[in-house]
Amino acid sequence: MSYLLVGLGGFIGAILRYLLSLQLNTSKYWLPVGTLLANFTGSILFAFTYLFYQADWLSLWTWNFLGVGICGSFTTYSTFSVEVVKMLEQKQSKKALLYLFGSVAISFTTVFTIWKVITL
């Protein structure tokens, strides 16, 4: 059953991320906003899901569906990595570095803050 829940969650997360990228990864924005937003919001959802699972507020099946499945496929560091490499290839090193470190810093800081607030 766990495999089915991870697969179903992964399907949903991948479709949601794809739709977000279609809408927001356009030339009207300076950075790939869709990917940035997916990684940021996915990190938030993952942090809460993991903490709730660790506190026994969520079952293993819910964790597999939400955390491993949806969050695992919705957050997209593979796409993020390709976007950074493309920026570097296009000689946009400042933009690439800002996107790289900004994305990681925002996601990490958000998850760390949620973790600390909930586990006080």
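Listing for the model above:
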quantity: Of residues in region 1-10 being over 16 Å from Phe46 (Cβ atoms) and part of a helix (DSSP H, G or I), the one modelled with the lowest pLDDT; calculated: Ser2
quantity: Pairs with Cβ under 6 Å, 6+ apart, first in region 12-26 and under 10 Å from Phe74 (Cα atoms), second part of a helix (DSSP H, G or I) and of a type in the set (Val, Ile, Thr); calculated: Ile12/Ile70; Gly13/Ile70
quantity: Yes/no for Leu36 being in a helix (DSSP H, G or I) and crowded, with 19+ Cβ neighbours inside 10 Å; calculated: yes
quantity: Scope region 67-100; condition of a type in the set (A, V, I, L, M, F, W, C) and either within 15 Å of Thr35 (Cβ to Cβ) or surrounded by 18 or more Cβ atoms within 10 Å (Cβ to Cβ) (or both); matching residues; calculated: Val68, Ile70, Cys71, Phe74, Phe80, Val82, Val84, Val85, Met87, Ala96, Leu98, Leu100
quantity: Test: Ile44 is assigned to a helix (DSSP H, G or I) and over 28 Å from Lys95 (Cβ atoms); calculated: no
quantity: Matching residues in region 11-33 - criterion: being crowded, with 16+ Cβ neighbours inside 10 Å, not aliphatic (A, V, I, L, M) and not in a helix (DSSP H, G or I); calculated: Asn25, Pro32
quantity: Check on Ile70, out of contact with any His (no Cβ under 8 Å at 6 or more places or on another chain), closer than 25 Å to Val117 by Cβ, part of a helix (DSSP H, G or I) and at pLDDT 95 or above; calculated: yes
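The values are calculated or read from the model by the stated rules, or taken from the named source; none is laboratory data. Note that this is a predicted model, so its numbers are computed, not measured. Glycine also receives a Cβ, built like all others from the backbone with ideal geometry; neighbour counts cover every protein chain displayed.
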